[in-house]
Amino acid sequence: HFGNLDQAVKSLEFQFAKEETETPCGLKARAATTSMYKNNDYRNIISKHHTSPIEAIFCSDTNQSMYCQLLAGLIQPDEVVMVGSQFATALLRAIKFLEGYWKELCSNIRSGQISDWITDSGCKNAASSIMKPNPQLADSIHKICSCESSEGIIKKLWPNAKFIRAITTGVMSQYVETLEFYSGGLPLVSNTLSLSQEVQFNYASQHEPVEKKSNNENIEPIDLVHVKLGQYYELLVTSYAGLYRYKVGDVLKVTGFHNNTPQFQFVGSQNVILSVDTDKTREADLVNAVREAKTLLDPLGFILKGFTSYADTCSIPGHSVLFWELKAKQGNDSIELDPKIMEECCYRMEEALYYIYRSCRKQNAIAALEIRVLKQGSFDTLMDYYVSRGVSTTQYKTPSCIKSKEAINILESKVIRKFFSPKIPM
């Protein structure tokens, strides 16, 4: 679709290796992406076709790593043909970092010297080896980044970029609007299906069994070559590592065929993620309800930067709580919200949830749904918390529903406004 990218000069892909840990019985454990980065063949690919120095990828300080990867990408603006990360979250974190550090980065590029706070020896040596004074480039970056709005900043900084590569399906679809805001019209490509159990596969291998999704029927698994257009399927994976008909829990829809190979759209996880009473809300239902409610804010120029949820059962009846972080497309970080519109967003979400939820609301078994609006940067703080607990920055996925009390407390401390659904849905 994008031509012969084998001859492409460079890709700016934000990658972060996570240090190995050890299980109680002494086995080494590491993230799948870290295993990939340690592979010599892949390291050769990085050095040839990526702007990020391998030393920066393996830096244990995420801020120093992010700074050096951004710096390396900024000094090669005309060579970058792709910008991305494994998941949308890491790429958006990089853009947020750029918004906070662009003046310092411009100063570095103008002088050809890196900042004193870059103390990691690998990052320092790698960055110093490619730096030289470039006042003209620094002025160009300054002009772009000093604009009132960051809209289209990726295309402006890297004018030869052809697309953005990051997983933006499933729960990651909540970041599509924000990426489109920053992208400047570049197409978004989700080139990988990366499962939460860290099992990865290619659709082209047609020997894996697939089972049709059903409620109560016991249906025999079928091969990929026998799936039908428009039907929904739950994926089963059999791997050389020992998994046999492993139920991943992800639901796929067949959208077409490339020759005989089926093409899929990721629908969501089949597992229930949010439940207050007898209601059982799945991830896909929650994402759809948020998307439906957010349409009320689109005419007002607001972007939903992220959301998550939890079931608040501290009071009786309990209710569903949604945390939203909103950003205005134009202007500063302070936003003015119309209470009536936000209450209508709560109601629109309830209308979009399935009938058992609405029935529970009518019977007063569940109280009104609540949206809590957060300060700017709240989901970055949440990401920092999970990374500090051992999650890889590259593979971080904002949970659709939070169970951790510590994580909930972090978001609670960032709440600036609360809104409730004003009426019971039909």
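The values are calculated or read from the model by the stated rules, or taken from the named source; none is laboratory data. Just so you know, these numbers come straight off a predicted model, no measurement behind them. Don't worry about glycine lacking a Cβ; one is built from the backbone with ideal geometry, like all the others, and counts go over all protein chains shown. Surface areas here come from the heavy atoms of the whole protein model, side chains and all, with no ligands, DNA or RNA. Shrake-Rupley method; radii C 1.70, N 1.55, O 1.52, S 1.80 Å.
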Exercise for review: Return yes or no: is THR255 of a type in the set (S, T, N, Q), outside the structural domain of LYS405 (by the TED database) and exposed (fewer than 13 other Cβ atoms within 10 Å of the Cβ)?
Suggested key: yes
Exercise for review: For ASP279, state whether it is closer than 21 Å to CYS401 by Cα and in contact (Cβ under 8 Å) with a residue 60 or more places away in the chain.
Suggested key: yes
Review point. Out of all the residues in the stretch 93-106, is one or more more than 29 Å from the chain's Cα centre (by Cα) and not aliphatic (A, V, I, L, M)?
Key: no
Check your understanding: Which helices (runs of 4 or more DSSP H) sit wholly inside the stretch 48-121 and have at least 1 residues that are among the aromatic types (Phe, Trp, Tyr) and open to solvent by less than 60 Å² (accessible area, probe 1.4 Å)?
Key -> 62-74, 88-111
Review point. When you look at LYS294, is it open to solvent by 30 Å² or more (accessible area, probe 1.4 Å) and not hydroxyl-bearing (Ser, Thr, Tyr), yes or no?
Key: no
Review point. If we keep just the residues of the stretch 409-426 that are in a strand (DSSP E or B) and either of a type in the set (Ser, Thr, Tyr) or open to solvent by 40 Å² or more (accessible area, probe 1.4 Å) (or both), which is nearest to SER378 (Cα to Cα)?
Key: ILE416
Review point. Looking at (1) of a type in the set (S, T, N, Q); (2) open to solvent by 30 Å² or more (accessible area, probe 1.4 Å); (3) modelled with pLDDT under 85, which is the one condition that is false for THR34?
Key: (2)
Check your understanding: Residues in the stretch 357-376: is at least one exposed (fewer than 14 other Cβ atoms within 10 Å of the Cβ), more than 24 Å from the chain's Cα centre (by Cα), of a type in the set (Phe, Trp, Tyr) and over 28 Å from ALA166 (Cα atoms)?
Key -> no
**Study point:** Residue in the stretch 298-310 that is open to solvent by less than 30 Å² (accessible area, probe 1.4 Å), part of a loop (DSSP other than H, G, I, E, B) and more than 18 Å from VAL415 (Cβ to Cβ) present
**Key:** yes
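Of all the residues that make up the stretch 345-374, how many are assigned to a helix (DSSP H, G or I) and free of Cβ contacts under 8 Å to residues at least 60 places away in the same chain?
Total meeting the criteria: 3.
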Check your understanding: Under the condition of being at pLDDT below 85 and part of a loop (DSSP other than H, G, I, E, B), which residue from the stretch 265-291 is surrounded by the most Cβ atoms within 10 Å (Cβ to Cβ)?
Key -> ASP279
